[in-house]
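The values are calculated or read from the model by the stated rules, or taken from the named source; none is laboratory data. Just so we're clear, the structure is a prediction, and the values are computed from it rather than from any experiment. All Cβ positions, even for glycine, are placed from backbone atoms using ideal geometry, and neighbour counts span all protein chains on display. Just so you know, the surface numbers come from the protein's heavy atoms only, side chains and all, with ligands and any DNA or RNA stripped out. Shrake-Rupley method; radii C 1.70, N 1.55, O 1.52, S 1.80 Å.
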Amino acid sequence: MKIAVIGAGSAGLAALRQCTSGTYDTEVVCYEKTDQVGGTWVYREETGLDRYGLPIHTSMYKNLRTNLPKEVMGYPDYPVSDTPESYLTRTQILNFLNSYCDHFNLRQRIRFLHNVELVEPSTRDRKWEVKVKDLTRNTISVDTFDAVMVCNGHYFEPSMPDLKGQMVFKGEQLHSHNYRVPDIFVDKAVVVLGAGPSGMDLALDISRKAKRVYLSHHLKDPIGTVFPDNVVQKPDVKELTENGAVFKDGTNEHVDVIFYCTGYKYSFPFLSEKCGVRVDSNMVTPLWKHLVSIENPTLALVGLPFYVCAFSMFDLQVRFVLQYWSGKKDFPSKADMLREEAEELEKREKEGLRKKHFHMMGFKQGDYYDDLANTAGITPLPPVLTKLHNESSMQFLDNLVHYRETRYKIIDDYNFIQL
């Protein structure tokens, strides 16, 4: 079976690893549009477009440290090597991905500086046609595959809110995708929009240089973290004026920059409409198990769920898909897969979640992992990963300034200790 993998970030590497493990009879090619592995973990100073006119993919900023301990950031068969600290720098994670790549001899399968322009089902048979541009030679080729794994990440297409007064505001407006260093905020008053993991981290990162940081969010309870003195929590922005922001509580502040930490949109610019996958209010659909195209089950979108133990989940998802593609398991009927997706959406809506939260896992991630493993009859992920992820997430909310000083050790599949 010939498989195309799109992207050589942490999900694409997991796909390559399992496709070349010898467990399945597969031939695999990975297309990567940049010149190295690592995806969003590759730090690039430049923003905007690269030298080939393609949008810069990475959203990595210089001072990033992981918001999860390394103990939950490895792959099932390749843990992060032991270091004194649990929370690592972006460079340490990128080094880890490179060592994983080399340990399993994956680099030879990757075609660097090859940008996938179009994926569509072949009209002649049940195969896929993948149109690729070799960026260095400026040539186009079309290859045929039996199956496609899309591993292009989901932290590159900014999601921007529609704010009243956006066109009137005379200051600077910036999305976190294009943020690299805090020096651009020296002595400025900044509104940080959004208090997700990146909004909170970035409010902290820029507070060292900015004069004043207004962390604007709609969380029902104030965040428990004790922020530096120049960080003030505010409700949502009601509108922007020429030189400031009016908040929903009626207060008005003079500000220099609006910093959008408002997340990202799922985007698959290379997927033809004929693939049968669409993004609806940031829910990728119709998919079975957040993963397999229901219209064309030899197309898989790896890595959509968020608030997860990402690298381990990618490995699990890839193993799940390969069980079916290799014929060891048979897909359910299309009707059954569609019904399952509809039932999950309904259940989430009853819990008060919106469609854009469909792929959010968080405290329910363990159920998702177990469901994948049980359904496909594959080795599950150890429950300790979910336990430690949840513990770290609580620490993040309660003690943002110091929680990365905590050190953990996993004892067995169920237990961890704090050192």
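The dipole here belongs to the range 328-373: it is taken about the Cα centre, uses +1 on the Cβ of Lys and Arg and -1 on the Cβ of Asp and Glu, and is about 220 debye.
With θ taken as phi - 60° and the Karplus curve 6.51 cos²θ - 1.76 cosθ + 1.60 applied, the whole-hertz 3J(HN,Hα) list for the range 151-162 is 10, 8, x, 9, 10, 9, 9, x, 9, 10, x, 9 Hz, x standing for glycine and proline. Using only the Cα atoms of the range 161-228, build the gyration tensor, take square roots of its eigenvalues as a ≥ b ≥ c, and label the shape rounded, prolate or oblate: rounded if a/c is under 1.5, else prolate if a/b is larger than b/c, else oblate. Oblate. By the helix-only formula, in which each DSSP H run with n ≥ 4 contributes -39500 (n - 2.57) and the sum is divided by residues, the chain has a 222 nm mean residue ellipticity of -7500 deg cm²/dmol. Taking Cα centre as origin and charging only the Cβ of basic (Lys, Arg, +1) and acidic (Asp, Glu, -1) residues, the dipole magnitude of the range 322-407 rounds to 220 debye. Straightening the chain between PHE331 and TYR43 buys 99.7 nm, computed as 0.36 nm per residue apart minus the Cα-Cα spacing. Amide H contacts under 5 Å for ARG278: THR285, restricted to partners 5 or more places along the chain or on a different chain, H placed in the peptide plane at 1.01 Å from N. Classification of the chain by its C-alpha gyration tensor yields a prolate form. The axis ratio a/c (a ≥ b ≥ c) is 1.5 or more, and a/b outweighs b/c. Relative to the longest principal axis of the Cα atoms of the chain, helix 10-19 runs at roughly 10 degrees. Using a simple spin-label model with pseudo-atoms 7 Å out from Cα toward Cβ, LEU338 and ASP102 lie 5.0 nm apart.
Over the chain, what is the mean sequence separation of C-alpha contacts under 8 Å (at least six apart), divided by residue count, expressed as relative contact order in percent? About 18 percent, as a whole number.
Counting only aspartates and glutamates at least 8 places from LYS289 when in the same chain, those with an alpha carbon closer than 12 Å to its own are ASP336, GLU340, GLU341, GLU343, GLU344, ASP367, ASP370, ASP371. Computing FRET efficiency as 1/(1 + (r/R0)^6) for ARG51 and ILE184, where r is the C-beta to C-beta distance and R0 is 22 Å, gives about 0.45.
Approximating the spin labels as points 7 Å out from Cα along Cα→Cβ, the HIS218-to-ARG407 distance works out to 4.3 nm. Of the listed residues LYS2, LYS265, LYS274, the order by accessible area with a 1.4 Å probe, largest first, is LYS274, LYS265, LYS2. Using the Cβ-Cβ distance between GLN418 and GLU349 with R0 set to 41 Å, the FRET efficiency from 1/(1 + (r/R0)^6) comes to roughly 0.65.
Toward the positive end of the charge dipole of the chain, with +1 on the Cβ of Lys and Arg and -1 on the Cβ of Asp and Glu, the farthest Cα among GLY377, MET337, THR66 is that of THR66.
Remark: spin-label model distance VAL168-VAL279 equals 3.0 nm, labels positioned 7 Å along the Cα→Cβ axis. Within the chain, antiparallel bridges make up roughly 50 percent of the DSSP beta bridges whose residues both belong there. Oblate is the label for the range 19-168, because a/c, from the alpha-carbon gyration tensor with a ≥ b ≥ c as root eigenvalues, is 1.5 or above and a/b does not exceed b/c.
Summary of packing: across the peptides 253-261, 96-104, 14-22, the per-residue average of other C-beta atoms within 10 Å ranks them, highest first, as 14-22, 253-261, 96-104. For the range 92-105, putting each phi into the Karplus relation 6.51 cos²θ - 1.76 cosθ + 1.60 with θ = phi - 60° gives couplings of 5, 5, 5, 4, 4, 5, 5, 5, 4, 4, 6, 4, 9, 6 Hz, in residue order, rounded to whole numbers and with x for Gly and Pro.
In a fully extended conformation the segment linking GLU117 and ASP398 would gain 96.8 nm over its present Cα-Cα distance, using 0.36 nm per residue.
These residues, GLU346, GLU85, go from largest to smallest accessible area, 1.4 Å probe, as GLU346, GLU85. Of the trypsin sites (Lys or Arg not before Pro) found in the range 111-211, the ones in coil according to DSSP and having at most 11 other Cβ atoms within 10 Å of their Cβ are ARG124, ARG126, ARG137, LYS170.
For the range 132-144, backbone phi angles converted through the Karplus equation (6.51, -1.76, 1.60; θ = phi - 60°) give residue-by-residue couplings of 10, 9, 7, 5, 6, 8, 6, 10, 10, 9, 10, 10, 10 Hz, Gly and Pro being listed as x.
Amide H contacts under 5 Å for ALA189: LYS211, ARG212, ASP256, VAL257, restricted to partners 5 or more places along the chain or on a different chain, H placed in the peptide plane at 1.01 Å from N.
The fraction of accessible area contributed by carbon and sulfur in the chain is 49 percent, rounded to a whole number (1.4 Å probe; ligands and nucleic acids excluded).
Cross-link partners of LYS334 among aspartates and glutamates, defined as those whose alpha carbon lies under 13 angstrom from its own and excluding same-chain residues fewer than eight positions apart: GLU295.
Counting only protein heavy atoms and a 1.4 Å probe, the chain has 46 square angstrom of accessible area per residue. Full extension of the chain between LYS238 and SER81 gives 51.8 nm of extra length, using 0.36 nm per residue less the Cα-Cα distance. With 23 Å as the limit on Cα-Cα distance, the pairs of LYS220/LYS409; LYS170/LYS355; LYS62/LYS188; LYS265/LYS355 that go past it are LYS220/LYS409; LYS170/LYS355. Counted by Cβ distance under 13 Å from SER122, the other residues give a net charge of +1, where Lys and Arg count +1 and Asp and Glu count -1.
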